[in-house]
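Worksheet: one structure, shown below.
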Amino acid sequence: MNNIYEPKFVKQLFNQMSGSYERMNYITSFGFSIRWRKQFLSKLGKSDKNLNIIDLLSGLGENWTYLKNNFPNATFTALDFSDEMIAQSRNKGNKVFKNQLNLLCEDALQSKLESNFFDIISCAYGLKTFNNKQLEILAKEVSRILKTNGKFSFVEVSKPKNKILYPAYRLYLGKIIPVLGKLFLGNPNDYKMLWIYTEKFENCNRVKEIFEKYHLKVNIESYFYGCATGIHGEKI
């Protein structure tokens, strides 16, 4: 197998999945992806202030409606390095933000984003595609682009520790989802990767430890018995 954390491999994978990723996220999480999305974004609170907000690894823009509703007067940026994800999400961005979204096709690990600029960072379902070294770079970047006291929140599909739930979850993500991927999309291999990433990622415990090295106060959350985990906090 290729190095699954190699940026070129990850980018190609998400380019290939761009047309179906939102639907498959819903299916792979038993429909919980929307609930987890609302829950992890709620950690950021709500505000009418003129804040600068960025959605990292923005995918198809699934966070945007919630962010706009919670922060109606903010200035929004979204960043993803998948050309196809950017292309697919552009219309949604124009609709949700009335053509006011700064949509960037860049790598979050080596972006040209301004330092100490953002009040809020959100990121859903992208952590699993990073190895430890890349998570170190990501944590450093989050600390760099956030203002002091700026908030962040991340969520990721995870490997539940429950002895009853885990085998069922593994069967569903590892075996059934690729079959559904083949039936509906013609390609089971791309969606097989989602479980491979999830199993190697496990949960956000390691992410919390890494982020805490970079002037970030970090809390960890578990959603639905550990089927998803997240971190949230602020720059200190």
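Pull up the cross-link candidates among the aspartates and glutamates for Lys92, meaning alpha carbon to alpha carbon under 18 Å and not fewer than 8 places away within one chain.
Within the straight-line limit of under 18 Å, Lys92 reaches these aspartates and glutamates: Glu22, Asp55, Glu62, Asp80, Asp83, Glu84.
Given the pairs Lys43/Lys128; Lys98/Lys140; Lys43/Lys68; Lys49/Lys112, which span a C-alpha to C-alpha distance of over 22 angstrom in this model?
Numbers: Lys43/Lys128 20 Å; Lys98/Lys140 32 Å; Lys43/Lys68 15 Å; Lys49/Lys112 25 Å.
Distance filter (> 22 Å) returns Lys98/Lys140; Lys49/Lys112.
Please give every one of the aspartates and glutamates within straight-line cross-link reach of Lys208, meaning a C-alpha to C-alpha distance under 17 Å, and leave out same-chain neighbours fewer than 8 residues apart.
Glu136, Glu141, Glu156, Glu221, Glu234
Once the Cα atoms of the chain are picked out, what are the Rg and Dmax in Å?
That works out to 16.8, 48 Å for Rg and Dmax.
Which net charge results when you count Lys and Arg as +1 and Asp and Glu as -1 among the other residues whose beta-carbon is under 14 Å from that of Asp83?
Cβ neighbours under 14 Å give a net charge of -1.
May I ask for the net charge around Val218, where only other residues with Cβ less than 12 Å from the Cβ of Val218 are counted and Lys, Arg are +1 while Asp, Glu are -1?
+3
Based on other C-beta atoms within 10 Å, arrange Asp55, Asp83, Asp48 from fewest to most.
Neighbour counts put them in this order, fewest first: Asp48, Asp83, Asp55.
Work out the charge dipole of the chain with +1 on the Cβ of Lys and Arg and -1 on the Cβ of Asp and Glu about the Cα centre, then indicate which of Asn70, Asn162, Ile137 is farthest towards its positive end.
Result: Asn162, furthest along the dipole toward the positive end.
Cross-link partners among aspartates and glutamates for Lys163, C-alpha distance below 18 Å, same-chain residues fewer than 8 apart left out?
Of all the aspartates and glutamates, those that pass the test against Lys163 - Cα under 18 Å, at least 8 places apart if same chain - are Glu199, Glu202.
Just so you know, all these numbers are worked out from the coordinates, no wet-lab data involved. Everything quoted here is computed from the prediction, not taken from an experiment. Using ideal geometry, Cβ is built from the backbone for each residue, glycine included, and neighbour counts are taken over all protein chains shown.
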